[in-house]
Each structure stands twice: as C-alpha cells, then as structure tokens.
Amino acid sequence: MSGGFWSLAFLFIAVAVGFLLGRLDGRRRQRRRLLNLSRNYAQGLDFLLGEQHDRAIETFVRNLEINEHTYETHLALGRMFRKRGELDRATSLHQNLLDSPRLPDEFKEDVQLELARDFLAAGVLDRAETIFQDMVDGESRHAEAAMRHLMAIFEAEKDWHSAMAVGEKLLLRDHSVASTLAHYCCELAERLDYHTEANAARRLLRRALSFDEGCVRASLLQGRLELARGNPDTALRAFKRIRGQDPEFFDEVLDDLEECYRQLGREEELVNFLLECCGEHPSTPLVLKLSARLRERVGEEEAAELVTRYMQHHPTVRGLREMVELSMRRNQDTDHEQLGILRRLSDRLLAGEIQYQCHRCGFEARSLHWQCPGCKGWGTIRRNPEEGTPA
Ligand SMILES: [Zn+2]
C-alpha cells in the first residue's frame, strides 16, 4: 500500500477527531452534565447491585431529565410507586412532571391521567374526580378512560344520577356501557317508595329496559312493584319475561311467581307452568318449588317421583335433603334413625353452602348482589351451578 494512502488516512482521522473534539468542546456544559449523569447512574447502579433499591430509584428519579425521551420512564416509575402503594412518591413524581416547563404539551394528558389515578388509589376521590372531570370537559384523548373512572367513583359514592350523566356520555363512544346504565336506573328505582312514587319507579324501570332489554333486574323490580301495587297480572308478565332474558335468574322469582298465581286465584296453573319450565331449564330450586306444590295439591308420591327423577341426572345436596324429607313423610310409622342422620348431614352441608358466585372474579356470596363487591362487575354474580342449576 502506498505511503500516500496512509497519509490521507491519517489526515482524515485527524480531521474527524478534531471535529469531534471541537464539537465536544463547544458543548462543554452539556458534556459536564452528561458526566454528572453517568456518575449518578453509576451511583444508582451501585445501590441497585447492593440491593438498596429505594436509594437506587431515588437516584435515578433525581437525575433523570424531563424530556420527550425520558417521560415514559418517569411514567413507568410513577406507576411502579403506585403499584407498591407508595402513593406520596407517585403523586409527587407526577405533580413534578406536570409542573415542569420541560414536559412537552402533548404528554401532559398522559401525566394528568396517572396523577388522577394516584389520587384514586389514595382514596382522595374529590381530587381524582376534579382531574377526570377536567379531562372529560377538555375532550382529552383519555376522556373515555376518565369517564370510566368517574363512573366508578360515583358508583362507590352511590351517586347514581352523576354516574348516569357520565355513563350517557360514554354510551356515545361505547355501547357496551348500556347494561350498566340499566342497573343505574334500577338503583334509582329501588330507592323510590313503590306506594307514593310508583309512576316515577315505573318510568325508571322502562328506561332501564330501553338501555338493555335483557335487564333481568328491571323485570324483577317491575314485577315486585306491580305485585306491591296489587297488579298481579302485570307482575306475572314481568316475572315470566325473565325466562327469555336469562333463565338462570328465573329461580330468583319463584316465590313472587307463586304469589302472583295465588293473588289471581289461578294456583292450579302454577303446577303446569312450573312443569313446563322444568322441561326447558331444570334447576334445583325449580324442582323443589314444584315438589312443594305437588305435595300440596297431588300427593307425596308424585312429588317424590319428580325429585328422584331430577336427582338421577342432577344430584345436589338440596335435592337430597328434599328426598330424605319426602321419604320420612311417606313412611311415618318406620324408624327414621338413618334418614335423620342423612337429613342432619344435608343441613350441615347446606349451612356452609356458597349459593352465589361471580363468574368473572370468583367472589362467593350467600345472597344475590347485582354489582360484584369483588370486581365491581354488574350482573356477574349468579347462582352457583353446583347447587342452583345443572352442570
Ligand atoms: Zn366479581
């Protein structure tokens, strides 16, 4: 290789190095800052390796500049603080970010959302509510998330009118919220006096069904309202509607249904209707209700036959309890020592029975909740299939 080539190469390298040094020299202040930063990172790394995580994080947070490249890291740190329950740190990190003149405007809405979530997690609902409301009013790009949070806040406060107002705005963007709005109407209707405010309650329940025609709760409340108002015919129609809406909830109104037929003086029709229901969607409560009616109107034999037939396909403790009871009634002259043991055992099992369960989060309850206390889902709690409906 010629000496000329190497000369040119050395010249090129010298120029490049000079250029770079010049640039660096021209940015001496920036370099000093970078050096400081690396020193601080090294210190942070030392803390991290020495398992002093809190000091490491503190060092990183203190020295991390706020700009468009680092703001995601700030947000991630804030979320981590919140997750660890360090809500003061999360709040101050997000507040500092918001106050910083270096935070580009386009990122402010992200930080606002995180700050409001910090207040929410800390239970400072009024502060969270103010920020979420500002985001909705300002048509932030997170307005939808803000609306969902606002609905959750108003639900927790049982402020159903405010929850409804926000929910109706959200409905324009997401139709799946309609079933929740139906529950809000039911909540409002339930708070009314069925004797002095019956028409207002009727309007709310009709509105619930206009949001969600499958709203079982609205039909159930309509039925109970009309029953209370002495309109068993209208009540019966509302209760029967539940079979089409969601047959799994039909067991909830068996006593109401019986009362309707009783008030109408058509009790004989009840047995036929229950038989028809058993054919379509059998369940233990349905079979037990039918068994009680058969026992009263036809006889113990028919009732026992029905329960035995059902138990052959869907054995449940409650069904067993009924079988034992019927057997003891039909053989009153014989010794019931063994059957008595079975009955006591069934009673003990039933005493600890979890009748309802949330299909979303698994929350267990002994009575029906329309909103799950665990995951806050609406209409997610149902009768436990082991006892209520056939598997
Ligand atoms: Zn749940």
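None of the figures in this text is laboratory data; all of them are computed from the coordinates on show. In this text the structure is predicted, and so the values were computed from the model without any measurement. We place every Cβ from the backbone using ideal geometry, glycine too, and count neighbours over all the protein chains shown.
Is the shape of region 128-279 best called rounded, prolate or oblate, per the rule: a/c under 1.5 gives rounded, else a/b larger than b/c gives prolate, else oblate, with a ≥ b ≥ c the square roots of the Cα gyration tensor eigenvalues? Prolate is the answer for region 128-279, as a/c is 1.5 or above and a/b outweighs b/c. The Cβ shell under 12 Å around Leu209 holds other residues with a net charge of +4, Lys and Arg each +1, Asp and Glu each -1. If the chain linking Ala156 and Arg348 were pulled fully straight, counting 0.36 nm for each residue of separation and taking away their Cα-Cα distance, it would gain 65.5 nm. Looking at the square roots a ≥ b ≥ c of the eigenvalues of the Cα gyration tensor of region 248-376, which shape do they give, rounded for a/c under 1.5, prolate if a/b is larger than b/c, or oblate? Note, shape of region 248-376 comes out oblate.
According to the square roots a ≥ b ≥ c of the eigenvalues of the Cα gyration tensor, what is the shape class of region 254-309, taking rounded for a/c under 1.5, prolate for a/b larger than b/c otherwise, and oblate for the remainder? Taking the square roots of the gyration eigenvalues as a ≥ b ≥ c, region 254-309 is oblate. Where a Cα-Cα gap under 18 Å defines reach, which lysines qualify for Lys240, not counting those fewer than 8 residues away within the same chain? Lys240 reaches Lys289.
Within the same chain, lysines fewer than 8 places from Lys83 are excluded, and of the rest, those with a Cα less than 27 Å from its Cα are Lys108, Lys158, Lys376. Once both labels are positioned 7 Å from their Cα atoms along Cα-to-Cβ, the gap between Ala122 and Ser100 label points is 1.9 nm. Given their separation in residues at 0.36 nm each and the Cα-Cα distance between them, His195 and Arg141 gain 14.8 nm when the chain is fully extended. Centre-to-centre separation between the Cα atoms of region 183-218 and those of region 248-270: 21 Å.
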